[in-house]
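Quick notes on the structure that follows.
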Amino acid sequence: MNELTELYQEIILDHNKRPRNYYLIEDATHSAEGHNPLCGDEISVSLRLNGDQIEDISFQGEGCAISKASASLMTTLIKGKSLKMAKAESSIIKQMLTSSEESEISIEEIGDIIALSGVRRFPVRIKCATLAWHTFEAALNGDEKTTTE
Ligand code: ZN
């Protein structure tokens, strides 16, 4: 295991153990539940939009370390951002997670989420990592439930 892989592992384990933004937003404007039947991950994402700004975003749920870390990292990244920016980041990150090609995305652009890029080597875990992003997009689209299938 090289140093970078170890760092990535640490980030994932840390977010799994101490998930950020793990609560329910009482006055959420958007929310959705996401399910990944392949692994059994279930998370709910709620957010409060004010104009074009994501004032607050949180998640709750049960799942494997990858799915929880991914949701925690996602909320950390897009909280306080504009909707346009958050949508752009969502598509960049989904591409990073699902593309077989080495991505050109740098840690400066997406921060600690780069730690999830390792899942590309484990196809069965990719859906664990993308679940939070699919659920975020479902919430924005007004879909109450979404699944990775
Ligand atoms: Zn999972």
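L24 versus (1) modelled with pLDDT under 95; (2) open to solvent by 80 Å² or more (accessible area, probe 1.4 Å): which is the lone unmet condition?
(1)
All but one of (1) within 23 Å of E10 (Cα to Cα); (2) touching a residue at least 60 places away in the same chain (Cβ under 8 Å); (3) not aliphatic (A, V, I, L, M) hold for T98; state the number of the condition that does not hold.
The number of the failed condition is (2).
Any idea how many residues of the stretch 27-38 are open to solvent by less than 80 Å² (accessible area, probe 1.4 Å) and within 15 Å of the ligand (Cβ to nearest atom)?
Residues flagged as open to solvent by less than 80 Å² (accessible area, probe 1.4 Å) and within 15 Å of the ligand (Cβ to nearest atom) within the stretch 27-38 amount to 4.
Which pairs have Cβ atoms under 7 Å, sit 6 or more apart or on different chains, and link a residue in the stretch 126-139 that is among the acidic types (D, E) to one that is surrounded by fewer than 24 Cβ atoms within 10 Å (Cβ to Cβ)?
So the pair list comes out as E137/S90.
From the residues in the stretch 90-107 that are outside any helix (DSSP H, G or I) and hydroxyl-bearing (S, T, Y), which one is modelled with the lowest pLDDT?
Of everything passing the filter in the stretch 90-107, S103 is modelled with the lowest pLDDT.
If you take the residues in the stretch 127-149 that are assigned to a helix (DSSP H, G or I), within 15 Å of the ligand (Cβ to nearest atom) and open to solvent by 30 Å² or more (accessible area, probe 1.4 Å), which one is farthest from N21 (Cα to Cα)?
Going through the qualifying residues, I end up with K127.
Is it the case that L4 is more than 16 Å from the ligand (Cβ to nearest atom) and either within 22 Å of A139 (Cβ to Cβ) or not small (G, A, S) (or both)?
For L4, the condition - more than 16 Å from the ligand (Cβ to nearest atom) and either within 22 Å of A139 (Cβ to Cβ) or not small (G, A, S) (or both) - is met.
Can you tell me how many residues within the stretch 1-20 are assigned to a loop (DSSP other than H, G, I, E, B) and surrounded by 19 or more Cβ atoms within 10 Å (Cβ to Cβ)?
Count: 1.
Going by what's in this entry, would R121 be described as charged (D, E, K, R), modelled with pLDDT under 95 and within 14 Å of the ligand (Cβ to nearest atom)?
no
Specify the residue that is nearest to the ligand (Cβ to nearest atom); the eligible residues are those in the stretch 75-89 that are open to solvent by less than 70 Å² (accessible area, probe 1.4 Å) and in a loop (DSSP other than H, G, I, E, B).
K81
From E3, E26, grab the single residue that is under 18 Å from A115 (Cβ atoms) and without any contact (Cβ under 8 Å) to a residue 24 or more places away in the chain.
Residue meeting the stated conditions: E3.
Give D56, D41 a once-over and let me know the one that is closer than 22 Å to K127 by Cα, open to solvent by less than 70 Å² (accessible area, probe 1.4 Å) and of a type in the set (D, E, K, R).
D41
The values are calculated or read from the model by the stated rules, or taken from the named source; none is laboratory data. The structure displayed is predicted, hence computed values, not measured ones. Glycine also receives a Cβ, built like all others from the backbone with ideal geometry; neighbour counts cover every protein chain displayed. Ligands, DNA and RNA are stripped out before the accessible areas are found, and what is left, the full protein with its side chains, is counted by its heavy atoms. Shrake-Rupley method; radii C 1.70, N 1.55, O 1.52, S 1.80 Å.
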